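Trainee: Quick one: the structure is below, questions incoming.
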Amino acid sequence: MPLHRGNTEASDGDGPRRLSVNPFVGEANPVGGMTEAPPKHRLPDAPMAPSSAYQVVHDELMLDGNSRLNLATFVTTWMEPQATALMAECRDKNMIDKDEYPRTAELERRCVAMLADLWNAPDPSSAVGCSTTGSSEACMLAGMALKRRWMRRNADRYPGARPNLVMGINVQVCWDKFCNFWEVEPRLVPMEGERFHLDPQAAAGLCDENTIGVVGILGSTFDGSYEPIADLCAALDALQERTGLDVPVHVDGASGAMVAPFLDEDLEWDFRLPRVASINTSGHKYGLVYPGVGWALWRDKEALPEELVFRVNYLGGDMPTFALNFSRPGAQVVAQYYSFLRLGREGYRAVQQAAREVAGKVAEDVENLGDFRLLTRGDQLPVFAFTTAPDVTAYDVFDVSRRMREAGWLVPAYTFPPNREDLSVLRVVCRNGFSTDLAELFVDDLSRSLPELRRQPHPTTHDKGAATGFHH
């Protein structure tokens with residue numbers, strides 16, 4: 001969660017403010033009732049009518065962006081009414097109370113079994129896994145397991161030796177957090193030329209006796225491309241033959257692990273590769289569930305050290321847990337099971353194929369405008385990235401992002417990491433709910449913005465680092 005500071009303006013809350021709420025929302029008498037607004041940064045002294053409290057919060061939230069038009073986020077922004085109803089019915093159930101809510105716990109267990117089968121675990125019945133609050137927590141758990149396994153193998157050298165984790169510089173920020181929080185050295189493979197993700201040989205070259213594992217990304221957030229997991233495993237196989245180093249792989253499939261099984265069935269990236277020890281995904285991304293639910297699975301019990309699993313006698317039951325947090329609602333897990341039950345393999349295939357087709361069509365339409373160069377085309381994740389064409393000098397991608405925001409679209413613009421800091425791009429995430437009609441409206445708005453952008457004397461961005469809030 002982001003950190004926030006409290007109120008720094010001493011004047012706020014010191015004196016009364018008029019309550020800006022529709023009079024009809026208050027008492028039955030529209031000229032009576034509350035006229036003084038509560039303070040913003042301290043608890044009010046007295047309660048207010050629920051209708052008034054609702055209206056105050058509701059009106060302020062109208063200034064948020066429209067989530068359906070947010071082409072920056074991978075997170076699900078639409079579910080069926082039946083799923084919403086189930087989530088409302090389960091929002092008061094504490095997911096951790098397995099003994100109190102045994103059926104919710106059973107639905108979680110079934111989801112883990114379904115994912116183990118989907119990801120081709122050698123024996124789905126022996127694969128172990130859990131739900132999490134999202135992929136970030138799942139990545140933390142997977143990283144902890146990698147480090148603990150490395151500590152076991154190197155008990156004679158640890159804690160003197162410093163463990164390291166190898167990954168592409170395009171990884172999501174949660175991996176930077178893992179390395180920081182758990183004191184692991186990050187070894188990053190930079191981007192080079194038109195390669196915007198990890199290079200298998202370069203990754204193997206960074207491994208040594210202190211490497212706890214290598215992270216492969218099935219769907220980079222920077223451009224939507226799959227990292228070559230099978231080639232990565234082959235490079236590490238060759239490394240083991242030369243040096244004896246046995247380095248496991250974790251697949252961060254935050255998005256792709258819920259796309260590739262349905263659209264790229266012949267692509268080997270999962271537990272079919274013996275070197276893949278664990279996989280995570282975001283149920284709330286292409287798993288088609290509202291935020292926040294993630295999943296972490298390990299190949300077998302040996303891949304998840306038993307000492308990391310806590311067995312708690314809680315509310316009369318023996319409860320094995322592996323998590324960074326404890327209490328959380330069961331609603332998202334129930335919604336995940338609903339989506340699995342509702343769609344099945346064929347339904348997920350249809351939804352993800354529709355998203356990929358929209359991404360490919362929009363990418364083609366953007367390219368046909370003539371002002372842009374595509375980096376990716378949405379043929380892996382339903383995501384594509386593009387930049388301005390070499391002959392475009394009047395504006396940059398940050399100008400485009402700001403202009404599209406005026407039309408209601410949230411399109412992230414950002415600069416790539418080393419060694420491609422020279423490249424700034426726009427990225428479009430096509431999710432379920434971003435229909436062909438919406439896609440056409442997006443392209444129309446982009447096209448209408450170009451004449452004015454072309455008339456600019458030069459790009460208006462002075463600080464690219466502050467030009468966007470997108471940092472992952």
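Trainee: Run the simple label-point estimate for ASP391 and ARG162 please: 7 Å along Cα→C-beta, distance reported in nm.
Mentor: Modelled inter-label distance: 5.1 nm.
Trainee: While we're on this one: Calculate, in nm to one decimal, what ASP437 and LEU61 gain on full extension: separation in residues at 0.36 nm each, minus their alpha carbon distance.
Mentor: Details: separation 376, 0.36 × 376 = 135.36 nm, distance 2.63 nm.
The span from ASP437 to LEU61 would gain 132.7 nm if fully extended.
Trainee: Separate question: Go through ALA105, ASN120, MET151 and say which Cα lies farthest out towards the positive end of the charge dipole of segment 71-171; charges sit on Cβ, +1 for Lys and Arg, -1 for Asp and Glu.
Mentor: Of ALA105, ASN120, MET151, it is MET151.
Trainee: Mind giving me the FRET efficiency for GLN353 and GLN240? R0 is 30 Å, r the Cβ-Cβ distance, nearest 0.05 is fine. All intermediate terms of the calculation are to be shown ahead of the outcome.
Mentor: Working: r = 38 Å, r/R0 = 1.25.
Efficiency computed from Cβ-Cβ geometry: 0.20.
Trainee: Moving on. Quick check: from the Cα gyration tensor, does segment 257-314 come out rounded (a/c under 1.5), prolate or oblate?
Mentor: It comes out oblate by the Cα gyration axes.
Trainee: Distance between Cα centroids, segment 347-420 to segment 144-222: provide it in whole Å.
Mentor: 29 Å
Trainee: If you don't mind, another one. Towards the positive end of the charge dipole of the chain, with charges on Cβ (+1 Lys, Arg; -1 Asp, Glu), say which of LEU343, LEU369, THR460 has the farthest Cα.
Mentor: Comparing the listed Cα positions along the dipole, LEU343 ranks first.
Trainee: For segment 292-429, what is the charge dipole size about the Cα centre, in debye to the nearest 20, if Lys and Arg each add +1 at the Cβ and Asp and Glu each add -1 at the Cβ? Before the final figure, lay out each step's value.
Mentor: Numbers: 16 positive and 18 negative charges, 100 e Å.
It works out to roughly 480 debye.
Trainee: Of all accessible surface on the chain at a 1.4 Å probe, what whole percent is carbon and sulfur? Show your work: numbers first, answer last.
Mentor: Working: 11790 of 22700 Å².
Here carbon and sulfur together make up 52 percent of the probe-accessible area.
Trainee: For segment 333-386, count the residues as N, evaluate 2.2 N^0.38 Å, and divide the Cα radius of gyration by that value, please. Intermediate results must be reported in sequence, preceding the final value.
Mentor: Values: Rg = 14.8 Å, N = 54, 2.2 N^0.38 = 10.0 Å.
That ratio works out to 1.48.
Trainee: Cut-off 16 Å, label point 7 angstrom out along Cα-to-Cβ of PHE181: give me the residues of segment 140-162 whose amide nitrogen falls inside.
Mentor: Flagged as within label range: 140-148.
Trainee: Just the number please: accessible area per residue for the chain, 1.4 Å probe, all protein chains included, in Å². Don't skip to the answer; put the middle values down first.
Mentor: Values: 22700 Å² over 472 residues.
The answer is 48 Å² per residue.
Trainee: Report the normalised scattering of segment 228-336 as log10 I(q)/I(0) at q = 0.11 Å⁻¹, calculated by the Debye formula with identical scatterers on the alpha carbons.
Mentor: Cα-only, vacuum Debye calculation for segment 228-336: -0.48.
Trainee: Next question. Note down the relative contact order for the chain as a percent, whole number, built from C-alpha pairs under 8 angstrom at least six residues apart. Please list the in-between numbers first.
Mentor: On the way: 839 pairs, mean separation 85.8, N = 472.
Relative contact order here is 18 percent.
Trainee: Multiplying the sequence separation of MET151 and GLU367 by 0.36 nm and subtracting their Cα-Cα distance, what value in nm do you get? Mind dumping the intermediate values first?
Mentor: Numbers: separation 216, 0.36 × 216 = 77.76 nm, distance 5.00 nm.
Gain on extension, MET151 to GLU367, equals 72.8 nm.
Trainee: Go ahead and run the numbers for FRET between GLU209 and GLN82, Cβ-Cβ distance against an R0 of 51 Å, rounding to 0.05. Let's see the in-between values first.
Mentor: Values: r = 53 Å, r/R0 = 1.04.
Efficiency, rounded to the nearest 0.05: 0.45.
Trainee: Just the number: Rg to Rh for segment 76-168, Cα atoms, Kirkwood Rh, two decimals.
Mentor: On the way: Rg = 18.1 Å, Rh = 16.6 Å.
Computed over Cα atoms, the ratio is 1.09.
Trainee: Return the calculated 222 nm mean residue ellipticity for the chain, to the nearest 500 deg cm²/dmol, obtained by summing -39500 (n - 2.57) across DSSP H runs with n ≥ 4 and dividing by the residue count. It would help to have the intermediate numbers written out before the result.
Mentor: Values: 11 runs with 159 residues, N = 472.
After summing the helix terms and dividing by residue count, I get -11000 deg cm²/dmol.
Trainee: Let me ask something else. Quick check for me: using +1 on Lys/Arg Cβ and -1 on Asp/Glu Cβ, what's the dipole size of the chain about its Cα centre, in debye to the nearest 20?
Mentor: The dipole of the chain has a size of about 600 debye.
Trainee: A follow-up question, please. Apply 1/(1 + (r/R0)^6) to the Cβ-Cβ distance of ASP444 and PHE326, taking R0 = 56 Å, and write down the FRET efficiency to the nearest 0.05. Mind dumping the intermediate values first?
Mentor: Values: r = 48 Å, r/R0 = 0.86.
Working from the Cβ atoms, E equals 0.70.
Trainee: I'd like the per residue volume of the convex hull spanned by the Cα atoms of segment 163-212, given in cubic angstrom.
Mentor: Details: hull volume 3.0 nm³, N = 50.
Per-residue hull volume (Cα only) is 60 Å³.
Trainee: Next question. In units of 2.2 N^0.38 Å, what is the alpha-carbon radius of gyration of segment 162-277?
Mentor: Working: Rg = 13.5 Å, N = 116, 2.2 N^0.38 = 13.4 Å.
So the Cα radius of gyration is 1.00 times the expected 2.2 N^0.38 Å.
Trainee: Another question, then. Sorted from largest to smallest, which semi-axis lengths in Å does the alpha carbon gyration tensor of segment 266-407 give for its equivalent ellipsoid, taking the root of 5 times each eigenvalue? Don't skip to the answer; put the middle values down first.
Mentor: Details: eigenvalues 334, 70, 60 Å².
Ellipsoid half-lengths, sorted descending, are 41, 19, 17 Å.
The values are calculated or read from the model by the stated rules, or taken from the named source; none is laboratory data. What you see is a predicted model; the values in this text were computed from it and never measured. A quick note on method: Cβ atoms are made from the backbone with ideal geometry, for glycine too, and the neighbour counts reach across all protein chains shown. The area values use the complete protein model at the heavy-atom level, side chains included, leaving out ligands, DNA and RNA. Shrake-Rupley method; radii C 1.70, N 1.55, O 1.52, S 1.80 Å.
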